[in-house]
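Note sheet for the following structure.
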Amino acid sequence: MTIEQYFEHEERSEARHEYWNGEIFLMSGGTLDHNTIVLNLVSELRPALRGGSCRLFAQDLRLWVETFQLFTYPDLFVVCGPPPLFPGRKDTVTDATLVIEVLSPSTRDYDAGDKFKFYRSLPSQDEVRVQHHQRQASNQWLLTEWTDPKDVLTLGALP
């Protein structure tokens with residue numbers, strides 16, 4: 001399927017579809033928990049972004065990931081400055097400063113695997129980012145992130 005055919009298909013369809021390298025895939029519907037998490041994130045992020053140059057977008061706006069020929073609908077994403085639009089479209093942006101996917105059992109592997117790799121190829125995602133996840137005694141996880149190339153990550157001893 002061409003990109004033009006995909007746009008025509010999406011305009012006629014009641015469901016949303018991802019486009020990846022010429023193929024389309026039906027996106028799964030949301031659940032009550034998924035929707036609650038998305039709305040909670042919106043209610044926290046909107047006030048934090050108010051008054052700045054960044055805007056929050058949710059679920060019905062498409063994101064184009066050119067490197068991987070992917071059109072997708074992230075749960076939430078933030079664009080700072082004027083939204084870079086796909087040529088001839090007002091419903092598709094080509095870059096995002098922040099992308100949020102709420103993981104669901106049916107999409108977890110894809111969202112945290114390939115899709116995460118795809119998002120990292122966006123033009124604004126060229127900074128250094130190292131994430132360290134460490135289990136705590138309370139069975140919770142501590143995430144530490146570094147973005148300076150001069151930072152050093154020291155790993156503790158393994159049990």
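Summary table
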item	result
Carbon + sulfur, % of accessible area of the stretch 28-156 - ligands and nucleic acids excluded, 1.4 Å	53 percent
The stretch 55-109, relative contact order in percent, only Cα pairs under 8 angstrom and at least six apart counted	34 percent
Dipole magnitude of the stretch 23-159, debye to nearest 20 (Cβ charges: Lys/Arg +1, Asp/Glu -1, about Cα centre)	220 debye
Where the stretch 9-140 is the region considered: accessible area per residue in Å², 1.4 Å probe	62 Å²
Other-chain or far-sequence residues with amide H under 5 Å of CYS54's (modelled H)	GLY81
In Hz, Karplus ³J(HN,Hα) per residue of the stretch 112-122 (6.51, -1.76, 1.60; θ = phi - 60°; x = Gly, Pro)	8, x, 4, 4, 4, 4, 4, 4, 5, 8, 4
For the stretch 63-78, Karplus couplings with θ = phi - 60° (6.51, -1.76, 1.60), whole Hz, Gly/Pro x	10, 9, 10, 4, 3, 10, 6, 10, 10, 8, 10, x, 4, 8, 7, 10
Value at 222 nm in deg cm²/dmol, rounded to 500, when DSSP H runs of n ≥ 4 in the chain each add -39,500 (n - 2.57)	-7500 deg cm²/dmol
Structure-derived volume of the Cα convex hull per residue in Å³: which label, when the choices are (i) 100; (ii) 161; (iii) 115	(ii)
Rounded, prolate or oblate (a/c below 1.5 giving rounded, otherwise prolate when a/b exceeds b/c) for the stretch 88-147 by Cα gyration tensor	oblate
Tilt relative to the chain, helix 3-12 - C-alpha long axis, 0 to 90 degrees, to 10	80 degrees
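The values are calculated or read from the model by the stated rules, or taken from the named source; none is laboratory data. Everything numeric here is computed off the predicted structure, so don't read it as measured data. For neighbour counting, all protein chains shown are included, and Cβ atoms are generated from backbone atoms with ideal geometry for every residue, glycine included. Ligands, DNA and RNA are excluded from the accessible area calculation, which covers all protein heavy atoms including side chains. Shrake-Rupley method; radii C 1.70, N 1.55, O 1.52, S 1.80 Å.
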